[in-house]
Amino acid sequence: MTNLALGRIGITTGLTSSPDSLAAAAAAEDLGYPAIWLSGGPLPGLQTITDLVGATRSIKFISGILAVDTYAADDVATTYEQLEASSPGRFTVGLGGAHGAKPLATLNAYLDRLTAVPTERRVLAALGPRMLELARDRSEGAYPFLITPAYAAEARKVLGPDKLLAVSHLVVLESDPARARSIARDTISFFPKIPGYAASLKRQGYSDSDLAELPDAMVDALAAWGTPDVIAAKLQEFHVAGADHVAINIITGVTGPQPVAEWRALAPALLAL
């Protein structure tokens with residue numbers, strides 16, 4: 001059992017320090033979601049994490065993820081220490097984004113410099129077996145994205161029974177199959193172009209043609225869609241496979257405000273898991 005009390009369901013989203021983002025975080029908290037994973041791409045800087053913690057009461061934030069090629073370890077450590085002093089237990093450092101020829105060595109060296117953040121307050125974005133082993137050995141656990149329940153079961157075997165397995169999963173609140181799959185496929189199509197995700201998908205049994213065509217069965221495995229109850233049942237498959245926590249990454253097919261309406265519609269079914 002992991003030491004991080006994140007609940008069984010959380011949210012993955014990109015937030016900034018804007019009034020709309022701060023209000024969205026507060027709304028998620030009011031709806032009962034226990035944790036928000038902050039997508040690294042939209043995150044403008046470490047100050048945003050401090051701002052979000054300050055705008056809420058108790059919801060936990062995890063950087064999901066901070067790219068080690070972008071954020072200096074000393075700066076991350078300082079942010080963690082300041083938040084731990086003012087709001088203990090509310091920020092956990094999620095790391096990843098190590099590029100180059102030796103990503104494992106890069107992450108190891110970064111963790112060596114991050115001694116101010118205890119092991120149990122670090123999580124790694126891990127997909128492959130060696131990265132999962134690193135997450136097991138040098139952090140509280142792993143935060144994989146774009147995986148199936150079957151692969152979650154394999155990840156649990158690598159991590160062992162006592163480490164965190166938190167899965168970020170795409171969710172489309174749409175019951176029309178064609179519309180839901182179109183929205184999901186449009187988002188998923190970006191990731192096979194990234195070598196690490198392509199390798200992960202192949203590791204899960206998908207072929208080159210699958211990665212190019214994104215057939216319906218693949219889309220259905222990588223994104224949960226339907227009514228709230230149907231989505232809840234699909235996410236429960238990850239819990240059965242060994243995940244401690246599933247963070248829903250809502251996609252709507254349009255660029256716009258935070259999906260607070262979707263969080264609200266899903267909350268009764270998902271938070272009952």
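Observations on the structure shown:
- Test result for residue 52, buried (at least 19 other Cβ atoms within 10 Å of the Cβ), in a helix (DSSP H, G or I) and of a type in the set (A, V, I, L, M): yes
- Of the residues 88, 44, the single one that is over 30 Å from residue 269 (Cβ atoms), at pLDDT 95 or above and part of a loop (DSSP other than H, G, I, E, B) is 88.
- Residues in the range 230-250 that are in contact with a strand residue (DSSP E or B) (Cβ under 6 Å, 6 or more places away or on another chain) and either more than 15 Å from residue 156 (Cα to Cα) or of a type outside the set (Gly, Ala, Ser) (or both): 231, 234, 235, 238, 244, 245, 246, 247, 248, 249, 250.
- Among the residues of the range 154-182, those that are touching a strand residue (DSSP E or B) at 6+ places or on another chain (Cβ under 7 Å), without any contact (Cβ under 8 Å) to a residue 60 or more places away in the chain and assigned to a helix (DSSP H, G or I) comprise 159, 180.
- Candidate set: the range 189-208, residues that are closer than 12 Å to residue 147 by Cα and part of a loop (DSSP other than H, G, I, E, B); chosen: the one nearest to the chain's Cα centre (by Cα): 204
- Residue pairs whose Cβ atoms lie under 9 Å apart, separated by 6 or more positions or on different chains, with the first residue in the range 84-112 and closer than 16 Å to residue 132 by Cα and the second part of a strand (DSSP E or B) and hydroxyl-bearing (Ser, Thr, Tyr), are 94/63; 95/63.
- Test: residue in the range 141-150 that is surrounded by 24 or more Cβ atoms within 10 Å (Cβ to Cβ), assigned to a helix (DSSP H, G or I) and not basic (Lys, Arg): no
- Count of the range 84-136 residues which are of a type in the set (A, V, I, L, M, F, W, C) and more than 20 Å from residue 245 (Cβ to Cβ): 10
- All conditions in (1) surrounded by 16 or more Cβ atoms within 10 Å (Cβ to Cβ); (2) farther than 14 Å from residue 180 by Cα; (3) of a type outside the set (D, E, K, R) hold for residue 255, with the sole exception of (1).
- Verdict on residue 191 being in contact with a Leu (Cβ under 9 Å, 6 or more places away or on another chain), of a type in the set (Phe, Trp, Tyr) and surrounded by fewer than 19 Cβ atoms within 10 Å (Cβ to Cβ): yes
- Verdict on residue 211 being buried (at least 21 other Cβ atoms within 10 Å of the Cβ) and part of a helix (DSSP H, G or I): no
- Here 229, 186 are screened, and the one residue that is surrounded by fewer than 17 Cβ atoms within 10 Å (Cβ to Cβ), in contact with a helix residue (DSSP H, G or I) (Cβ under 7 Å, 6 or more places away or on another chain) and either in a helix (DSSP H, G or I) or modelled with pLDDT under 95 (or both) is 229.
- Residue pairs meeting the criteria (Cβ under 8 Å; at least 6 apart or on separate chains; first under 12 Å from residue 155 (Cα atoms), in the range 129-141; second of a type in the set (Lys, Arg)): 135/163; 136/163; 141/163
The values are calculated or read from the model by the stated rules, or taken from the named source; none is laboratory data. It should be emphasised that the depicted structure is a prediction, and the values quoted were computed from it without experimental measurement. In this analysis, Cβ positions are derived from the backbone assuming ideal geometry, glycine residues included, and neighbour counts consider all displayed protein chains.
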